[in-house]
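The values are calculated or read from the model by the stated rules, or taken from the named source; none is laboratory data. This one's a predicted model, so the numbers in the text were calculated from it and none came from an experiment. Neighbour counts run over all protein chains shown; Cβ positions are idealised from the backbone, glycine included. These area figures cover heavy atoms from the full protein model, side chains too; ligands, DNA and RNA do not enter into them. Shrake-Rupley method; radii C 1.70, N 1.55, O 1.52, S 1.80 Å.
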Amino acid sequence: QVQLVESGGGSVQAGEFLRLSCAASGSIASLSAMGWYRQAPRKQRELVARFSNFVDANYVDSVQGRFTISRDNAKNMVYLQMNKLKVENTGVYYCYVDDRVRLWGRGTQVTVSS
């Protein structure tokens, strides 16, 4: 099983961008199911983006056209590019991969101010 560590969060103004990174301790080349959840203040945890297989990505409607999930198998990395950020995108972002069981990172904080 791999271990995951998120990074790249921070505080930005609305309309700006961030790229979140999820570093895996081992190879992710054979793992097709992975993605990002957001825990927003006073809200339930929400699936934001995921790979349903090696090539197809799905997004929650509110981020369609602004967020992009990607992966770099050579670097054992999963990314979430977040463009044109909105205040509603504020929250703690967690990456996950499925490797026999669901594995989680520790989260990274994203704060968007108007």
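General remarks:
- Qualifying residue in segment 67-74 (condition: surrounded by fewer than 17 Cβ atoms within 10 Å (Cβ to Cβ) and touching a residue at least 24 places away in the same chain (Cβ under 8 Å)): yes
- Failed criterion for residue 32 (all others in (1) outside any loop (DSSP other than H, G, I, E, B); (2) open to solvent by less than 60 Å² (accessible area, probe 1.4 Å) hold): (1)
- Segment 43-52, subset within 17 Å of residue 108 (Cα to Cα) and in a loop (DSSP other than H, G, I, E, B), residue most open to solvent (accessible area, probe 1.4 Å): 44
- From the options 80, 85, residue that is modelled with pLDDT of 95 or more, open to solvent by less than 50 Å² (accessible area, probe 1.4 Å) and over 10 Å from the mean Cα position of the chain (by Cα): 85
- Check on residue 55, open to solvent by less than 20 Å² (accessible area, probe 1.4 Å) and among the hydrophobic types (A, V, I, L, M, F, W, C): no
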